[in-house]
Structure formats: C-alpha cells, structure tokens
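The values are calculated or read from the model by the stated rules, or taken from the named source; none is laboratory data. Worth saying up front: this structure is predicted, and the values here are computed from it rather than measured. Cβ coordinates were reconstructed from backbone atoms using ideal geometry, including for glycine residues, and neighbour counts include every protein chain displayed.
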Amino acid sequence: MEEQMKTALAASIGHDLMTRLTVIQGAASNLKSLALSPDDRIEQSDLILGESERLHRLVQNIVETVRIEGTATLPEPRWAFPSEIIAAARHHIGRTLEQHTVEVVVDTEVAVHLDPRLTAKALAHLLENAAQYAPPGSAIQVEARHTEDAFEITVADCGPGIASADLPHVFDRCYRGMAGRDRPSGTGLGLWIARELLAAGRGRVCVANRPNGGAVFSILVPAPSDRDDAGSLRDLP
C-alpha cells in the first residue's frame with residue numbers, strides 16, 4: 001500500500017510539473033510573436049507569473065513533505081498577533097486569491113503564544129484550497145478568535161462543499177475527493193501538509209460543510225494569550 005501511494009504521488013507530481021511547464025513554455029513562446037497586442041502581452045505575462053508561482057508552491061510542498069517524513073518538525077513558539085499570521089499566509093500564496101474577496105474578521109487582536117510560521121503555512125494551504133474550489137468572484141471568509149487557552153482560525157468558502165464519503169479522508173496524503181478528480185492538476189498534498197504542520201505544535205484542523213453550501217475548515221492551536229509585545233513575522237521560507 002505504501003509503495004502504491006508513493007508511485008501515485010510521483011505520477012501526480014510529475015503530471016503537475018509537466019502541466020505547469022507546458023503552460024509557461026507556451027506563453028513564453030507566444031510573447032515572441034510581433035502580432036500580439038499590448039493587452040495580449042500582459043495576459044501572457046500574467047499567465048507565466050501565475051504558473052511560476054504555482055510551480056514554486058509545488059516544489060515547496062515536495063520539500064515540506066520530505067521534511068515531515070524524514071525528521072520531526074519542531075515548533076518554535078513565540079508571541080504573534082492573529083492579523084500578522086493571516087497576512088503572512090495570504091502573502092505566501094501570492095496571486096492565488098486575486099479572483100476572490102477575502103473577508104477577515106479578528107475577534108480580539110491580542111498576541112498569542114504559538115509557532116506563527118507553522119500556523120501561517122497551514123493557513124496558507126487552507127486558503128489555497130478554498131481558492132481552488134470556490135467560484136471566481138466569491139468571498140472567502142477568515143475569522144480568528146482566542147478561546148480560553150486556544151487560538152482558532154476558520155476559513156469558509158462558497159464552493160461545492162465536500163461529499164460525505166470524502167469528509168473522513170480530506171486530510172489523507174494524496175487524497176483528492178470527487179471534486180478534485182475533475183481538476184486537471186493537484187497532488188492532494190496541501191491539506192495533509194497543513195494537518196502535519198499543526199500537529200507538530202499540538203494543533204489540529206477539521207472540516208465541515210456549511211448549511212448553505214461550501215466548506216469551512218477550522219484550525220485550533222493551544223496558545224496562551226494576553227501579551228502585547230509580539231515581534232514581526234517575516235516572510236515564510
């Protein structure tokens with residue numbers, strides 16, 4: 001079973017890499033045409049930039065997978081503000097959210113003590129997942145709150161939701177549910193990586209369907225609060 005999973009993962013990654021490279025090569029070739037209008041050149045340039053970012057994230061996912069499987073991920077907790085963590089996650093996935101409205105609500109802006117990098121990386125995977133399945137122009141809602149000794153972030157989208165048969169397996173490595181099988185690319189690593197990163201800091205992530213459609217992912221990380229001297233969170237590696 002493990003060997004079959006590795007083979008499926010290698011095939012999925014190889015297909016995704018080739019898909020991205022083919023798009024980039026085609027757009028780069030189109031830019032050489034003297035017949036392209038200025039608007040067409042901008043469109044092709046944007047296509048190259050977008051696919052390059054996706055390719056970069058795919059490589060990051062591969063590296064992260066090797067780290068998770070090879071060595072224990074050690075959390076480095078410090079004080080950080082919720083809005084800082086959310087901003088870092090949004091920056092990490094760059095242009096992926098451009099076609100969506102991201103609505104952010106922070107219940108109380110107090111510093112929390114956790115590993116902000118692991119939390120932001122996990123959140124970035126949830127935001128990317130929401131952007132992939134929610135229709136363009138729809139809103140993605142992000143809410144952060146602190147309850148007792150835990151920090152919670154929810155990401156809600158207006159996508160198709162998750163089939164009941166897929167719900168128990170959403171965070172399995174390489175698992176792509178019914179909706180994912182209709183998409184031409186994707187490795188099924190993102191949500192698994194998010195789960196593993198959070199587990200390193202004794203956190204967890206869960207998912208449910210929204211009553212009126214779409215899915216909502218919830219991150220819960222043990223974290224004391226009530227400090228106001230959080231440092232700045234630099235760009236994620």
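Brief remarks follow.
- Failed criterion for Glu69 (all others in (1) among the acidic types (Asp, Glu); (2) without any contact (Cβ under 8 Å) to a residue 24 or more places away in the chain; (3) within 30 Å of Ile24 (Cα to Cα) hold): (3)
- Looking only at the range 143-158, residues that are buried (at least 21 other Cβ atoms within 10 Å of the Cβ) and either in contact with a Ser or Thr (Cβ under 7 Å, 6 or more places away or on another chain) or not hydrophobic (A, V, I, L, M, F, W, C) (or both) come to 1 in all.
- Selection within the range 113-156 - over 28 Å from Val63 (Cα atoms) and in contact (Cβ under 8 Å) with a residue 12 or more places away in the chain: Pro135, Pro136, Gly137, Ser138, Ala139, Gln141, Glu143, Ala144, Arg145, His146, Asp149, Ala150
- When Val104, Val110 are checked against the criterion of being in contact with a helix residue (DSSP H, G or I) (Cβ under 9 Å, 6 or more places away or on another chain), surrounded by fewer than 20 Cβ atoms within 10 Å (Cβ to Cβ) and modelled with pLDDT of 95 or more, a single residue qualifies: Val104.
- Only one of the numbered conditions (1) surrounded by 14 or more Cβ atoms within 10 Å (Cβ to Cβ); (2) free of Cβ contacts under 8 Å to residues at least 60 places away in the same chain is violated by Gln99, and that is (1).
- Qualifying residue in the range 71-79 (condition: farther than 19 Å from Val221 by Cα and more than 13 Å from the chain's Cα centre (by Cα)): yes
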